[in-house]
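Accompanying notes for the structure given below.
The values are calculated or read from the model by the stated rules, or taken from the named source; none is laboratory data. Note that the structure is predicted; figures quoted are calculated from it, not measured. Cβ placement follows ideal geometry from the backbone for every residue including glycine, while neighbour counts extend to all protein chains displayed. Note: areas computed on protein heavy atoms with side chains; ligands, DNA, RNA excluded. Shrake-Rupley method; radii C 1.70, N 1.55, O 1.52, S 1.80 Å.
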Amino acid sequence: MLAVQRTVAAGARRSGGTRSLFSSASQGKQRLVILGSGWGGYEILRAIDKKRWNVIVVSPSNYFNFTPLLASCSVGTLEFRAAVEPVRRYTPDVMPATAPVKLPESGHPTERSDVNESASSVKGSTEKFQLTYDKLVIAVGAYSQSTATYYLVRSAADARDCAAFNVPGVKEHAHFLKDIRDARAIRTRILDCFEQANQPTITDADRRKLLNFCIVGGGPTGVEFAAELHDFLHTDLARHYPVLARMAKINLYDVAPVILGGFDTGLQEYVSFSVVYHNKASLALLTTPVSNRYATSKFKREGIRLLTQHHVERVEAGRMFVTEEGEVDFGLLVWSTGLAPNPLIQSITEAKKDERTKRSLVTNGNLNVIMKDTGAPDSDVFAIGDAALIQDQPLPATAQVANQQAKYLTRQLNRLVRSGRVDDAPFKFQNMGSLAYVGDWEAIFDRTKVERGPKGKETGRLAWLLWRSAYFTKTLSVRNKILVPMYWFLNWIFGRDLSRF
């Protein structure tokens with residue numbers, strides 16, 4: 001097993017670089033080691049000057065997940081290949097150390113549960129070796145908060161970051177949505193539920209249990225998956241399983257009073273009134289303004305329940321226990337409740353960590369990791385994305401932040417290797433706005449917090465066009481820029497593929 005040893009994190013150095021892990025060093029070429037192939041690590045891999053740096057990527061996966069499209073892949077709106085980019089596209093200029101490397105995988109504990117087990121898992125050697133570097137970039141991200149106790153605290157953000165651990169059964173019986181393999185497992189499970197419910201020996205009561213789909217977490221991932229699932233149920237599945245589709249229910253649980261906590265309040269209300277709303281204060285709907293009641297009647301969807309201020313106590317096979325509801329049977333449970341520490345970050349003892357969450361390495365404004373003993377930044381070690389927190393500058397744990405940090409760091413590293421100097425200007429995050437799909441070819445677009453350009457917000461079909469345009473333009477490769485709109489068009493004409501494989 002390849003292990004990022006603490007001797008490396010503490011400051012092991014190498015004067016030269018190599019073209020592979022084991023061959024002799026290339027004279028005058030420094031080694032850049034990138035841990036992770038997510039939004040931060042992959043962006044550095046794409047843009048780094050590979051002629052001047054000897055680049056090694058360490059990742060449990062040999063691909064990059066375009067995470068905004070995973071919800072679409074999980075219901076067949078897009079095929080899986082359209083949401084991934086291969087890391088080995090850049091070989092032999094880059095030496096990837098991927099599977100069978102057994103670092104903790106993004107979104108999952110090291111020991112994968114049966115419900116999320118991938119058929120393509122590769123068992124590697126357990127032998128360790130030390131990997132040295134001149135510059136190290138830690139971009140390993142964070143886990144899904146799959147074992148978080150989801151209790152009510154001051155805000156939704158606090159709930160995601162400060163939750164205690166050990167809700168029994170979540171890892172074993174829930175699905176996550178952080179990786180393309182998660183999307184594949186969810187898609188298979190949805191179709192399995194309908195095929196099982198279609199058997200003549202099943203009672204209607206058991207059918208309703210199988211067709212009860214639960215999502216825990218009211219952030220963009222949970223909301224977009226609920227919207228995609230709703231579209232799937234009311235189009236393709238309703239055509240092929242008309243009786244069963246009418247039995248299917250979607251339930252979205254969140255501990256906070258509202259969903260999409262990072263969005264503008266008006267947009268939260270837009271989404272909240274698009275579904276059947278259930279919470280302790282539901283009578284307040286009677287006193288909402290006329291415009292909100294109009295939104296309720298226009299965007300209300302049958303079969304979706306939004307259950308805020310609800311707390312999951314434990315999960316068992318096919319059922320979970322909710323404080324406010326008691327026992328809830330389900331055919332599919334998708335868990336999307338924020339972030340928990342990556343074990344690699346937990347294992348690093350030499351660096352300063354965020355006291356509140358313990359999941360992030362503290363960096364200075366130039367993204368250098370601050371060492372715990374000296375309080376000084378290490379000029380050779382950088383951390384970006386969900387694994388990092390800039391001192392006195394808290395930023396949201398989003399792909400947008402990781403991507404901008406990667407672009408900043410790439411410019412710095414390229415400038416360093418070409419001229420021997422770096423720009424002293426610290427990293428500054430530019431909020432480009434937030435998008436979320438809410439179903440029925442509608443979306444929400446929030447630019448109320450941007451620092452540059454026009455501010456505003458948009459809903460409905462125009463926001464949906466902006467949502468699709470943004471993800472199309474952000475798709476990285478020419479291949480996927482062709483595949484994504486092609487699959488959108490094909491599924492619009494012919495419908496989604498219901499094959500199980």
* Could you pull the accessible area for Arg461 with a 1.4 Å probe, rounded to 10 Å²? => 130
* Structure fact -> In nanometres, the difference between 0.36 nm per residue of separation and the alpha-carbon distance of Ser379 and Thr323 is 15.3 nm
* Which value, in Å to one decimal place, does the Kirkwood hydrodynamic radius take for the range 321-416 when every pair of different Cα atoms is included? -> 15.3
* Structure fact -> Relative contact order in percent for the range 392-496 (Cα pairs under 8 Å, 6+ apart) equals 14
* Structure fact -> Taking only the Cα positions of the range 341-469, the convex hull volume per residue in Å³ is 143
* **Ranked by how many other beta carbons lie within 10 Å on average, peptides 475-483, 346-354 from highest** => 346-354, 475-483
* Asked: What length, rounded to one decimal in nm, is gained on full extension from Thr448 through to Thr132, with 0.36 nm per residue of separation minus their alpha-carbon distance?
  -> 109.3 nm
* Structure fact -> If R0 = 51 Å, then Lys428 and Asn198, at their Cβ-Cβ distance, give a FRET efficiency to the nearest 0.05 of 0.40
* Reciprocal of mean inverse Cα separation for the range 421-464 (Kirkwood radius, Å) -> 12.1
* To do: For a quick protection proxy, order the peptides 222-230, 36-44 by their average other-Cβ count within 10 Å, most packed first.
  => 36-44, 222-230
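Which loop chymotrypsin sites (Phe, Trp or Tyr not before Pro) in the range 419-497, with loop taken from DSSP, have no more than 16 other Cβ atoms within 10 angstrom of their Cβ?
Taking the range 419-497 and a limit of 16 other Cβ atoms within 10 Å, the loop chymotrypsin sites (Phe, Trp or Tyr not before Pro) found are Phe429, Trp441.
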* At 7 Å along the Cα-to-beta-carbon direction for both Arg305 and Phe472, put a label point, then send me their distance in nm to one decimal. => 3.9
